[in-house]
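J.: The structure follows.
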Amino acid sequence: MPYLNVRGVKHYYEWIRKYSRETAKPKIIFIHGWAGSARYWKTTAQTLSEKFDCLLYDLRGFGRSVEKVNEVDKIAVNSVNCSSVGLDNSKISAAVGYEMEDYASDLAFILDSLEIERSHIIAHSMGASVATLFLNCYPERVDKAILTCSGVFEYDEKAFSAFHRFGSYVVKFRPKWLGKIPFVDKIFMARFLSSPIPVDERKAFLQDFLQADYDAALGTIFTSVSKAQAELMPAEFAKLRIPTLLISGEYDQIIPAKLGYQAAALNSNVLQIATIKNTGHFPMLEDPSNYLKLVQKFLN
C-alpha cells in the first residue's frame with residue numbers, strides 16, 4: 001500500500017481511476033471527516049472515475065494513517081502560506097498538531113509530493129473545514145469544491161463544554177472488543193444516519209473509530225469544535241472565491257442543514273447549496289444516486 005511520510009506519520013493514499021486513451025483527466029481529492037477514513041468515499045470515487053482521476057487519503061491519525069515513522073525519517077512541513085489563518089510562513093515544523101490549519105498544511109504537502117498542481121476537492125464534515133482553509137490559502141490549486149455537511153455555528157460555552165466532556169469520554173472508552181458485539185455498529189451509527197446504509201459500511205465506520213489514534217481523535221474534538229473555529233470559519237466562508245457547492249443532509253443531527261444555509265448566506269456570489277431529503281450526516285451513502293447527480297452536475 002502506498003504511503004507518504006508527513007509530520008512523522010505514514011499517510012495512506014490511493015488512486016481510483018480508469019485508464020483511457022485520453023491524455024489526462026481532471027483530478028478530484030477526497031477528504032473524510034472525524035474518526036473516519038477514505039474508505040467511505042470509495043463508491044463515490046468509483047462512479048466518478050469514468051471522467052476523473054480520484055485521490056483518496058486518510059487524515060493524520062485516522063484510518064490507515066496512524067503509524068508513526070522513526071524520528072530520523074520525519075519530514076518537515078511548511079506551514080500553510082496564508083495570512084487568513086494566522087500562520088507564520090517562516091516556520092518549518094514537523095511537530096504534530098491537530099488544528100484544522102495543520103491538516104490543510106498536510107494536504108498541501110501531499111499534493112506537492114504527488115505533483116498535483118490543480119484539482120477539484122470533495123470534502124465531508126471536519127474534512128470540509130480543512131478544505132475551506134485550503135481553498136482560501138491555495139485558490140490557484142483548486143478548480144471547484146464540494147463541501148458536504150459543513151456550515152458555520154455560533155459559540156456557546158456551555159454547549160461546547162458539554163460536547164468536549166462527552167467527546168473525551170467517547171474517545172477514552174473504545175475497547176477493541178466493542179466491535180465484536182452484535183448490532184453495535186447499528187447502534188453506533190444511529191445518530192449519524194436518517195436512512196440505512198449497507199452493513200459493511202456501518203462496520204467499517206465502527207472499525208475506523210475504534211482504531212483512530214487517541215491524540216488525534218481527542219485533539220481534533222477540541223480544535224474542530226471550538227471558540228476559535230466558530231470565530232474563524234464565517235470569515236473563511238465569506239472569503240471563498242472558488243466555485244463551491246454545499247450539500248447538506250435534511251435530518252443531519254451533527255451539522256444541521258441550517259448551518260450550511262448560514263454559511264451560504266455569507267457568500268452568495270460563490271456558494272450554491274443543496275439539501276438531500278431523508279438523509280443525515282452521510283448523504284453520499286444514504287442516497288448515493290441523488291448525491292452523485294448533484295456532484296456530476298456541478299463539476300460538469
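The values are calculated or read from the model by the stated rules, or taken from the named source; none is laboratory data. If you're wondering where the values come from, they're calculated on a predicted model, not measured in any experiment. So basically every Cβ, Gly included, is an ideal-geometry build from the backbone, and we count neighbours across all protein chains shown. Remember, those area values only see protein heavy atoms, side chains included, never the ligands or the DNA or RNA. Shrake-Rupley method; radii C 1.70, N 1.55, O 1.52, S 1.80 Å.
J.: Return P(r) of the range 98-166 (all Cα-Cα pairs; 10 Å bins starting at 0; whole %; ordered from short to long distances).
T.: Spelled out per bin, shortest first, that is 19, 45, 23, 12, 1.
J.: Can you figure out the FRET efficiency of H164 with Y19, using R₀ = 51 Å and their beta-carbon distance, to the nearest 0.05? Walk me through the intermediate numbers first.
T.: Numbers: r = 47 Å, r/R0 = 0.92.
So, using R0 = 51 Å, E works out to roughly 0.60.
J.: Quickly rank 195-202, 259-266 as a protection proxy: mean count of other C-beta atoms within 10 Å, highest first.
T.: Answer by packing, highest mean first, reads 259-266, 195-202.
J.: Here's another thing I want to ask about it. For the pairs K42/K158; K10/K203; K203/K293; K227/K293; K203/K277, note any where the Cα-Cα span goes beyond 29 Å. Intermediate values should be presented prior to the final figure.
T.: On the way: K42/K158 38 Å; K10/K203 24 Å; K203/K293 26 Å; K227/K293 35 Å; K203/K277 24 Å.
Going by Cα-Cα distance, K42/K158; K227/K293 fall outside the 29 Å limit.
J.: Carbon and sulfur: what percent of the chain's accessible surface (1.4 Å probe)?
T.: 53 percent
J.: Moving on. What FRET efficiency do you get for K258 and K51 if R0 is 30 Å and r is their Cβ-Cβ distance, rounded to the nearest 0.05?
T.: The value I calculate is 0.35.
J.: For the pair Y3 and E115, how long in nm is the line joining their label points, each one 7 Å along Cα→Cβ?
T.: 2.4 nm
J.: Give the accessible area for D58 in Å² (nearest 10); use a 1.4 Å probe, count only protein heavy atoms, and leave out ligands, DNA and RNA.
T.: Number for this one is 0 Å².
J.: Can you compute the charge dipole magnitude of the chain about its Cα centre, using +1 on each Lys and Arg Cβ and -1 on each Asp and Glu Cβ, nothing else charged? Give it in debye, rounded to the nearest 20. It would help to have the intermediate numbers written out before the result.
T.: Working: 35 positive and 33 negative charges, 141 e Å.
It comes to approximately 680 debye.
J.: Now a separate question. Once amide H atoms are placed 1.01 Å from N in the peptide plane, what residues at a sequence separation of 5 or more from V142, or on another chain, have their amide H within under 5 Å of its amide H?
T.: Answer set, sorted by chain and number: S119.
J.: Ok, one more. Using the heavy atoms of the protein chains and a 1.4 angstrom probe, tell me the accessible area per residue for the range 130-283 in square angstrom.
T.: 49 Å²
J.: Further, regarding this structure: At 7 Å along Cα-to-Cβ for each site, give me the label-to-label distance between Q296 and E157 in nm.
T.: Result: 5.1 nm between the two label points.
J.: Calculate I(q)/I(0) for the chain by the Debye formula, one identical point scatterer on each C-alpha and no solvent, and give its log10 at q = 0.09, 0.11 Å⁻¹ to two decimals.
T.: -0.41, -0.63
J.: Just to check, using Stokes-Einstein with a Kirkwood Rh over alpha carbon pairs, what's the diffusion coefficient of the range 226-298 at 37 °C and 0.692 mPa s in µm²/s?
T.: Numbers: Rh = 12.9 Å.
Rounded, D is 255 µm²/s.
J.: Calculate, in whole percent, how much of the Cα-Cα pair population of the range 87-201 lies beyond 22 Å.
T.: When every Cα pair of the range 87-201 is considered, 55 percent fall beyond 22 Å.
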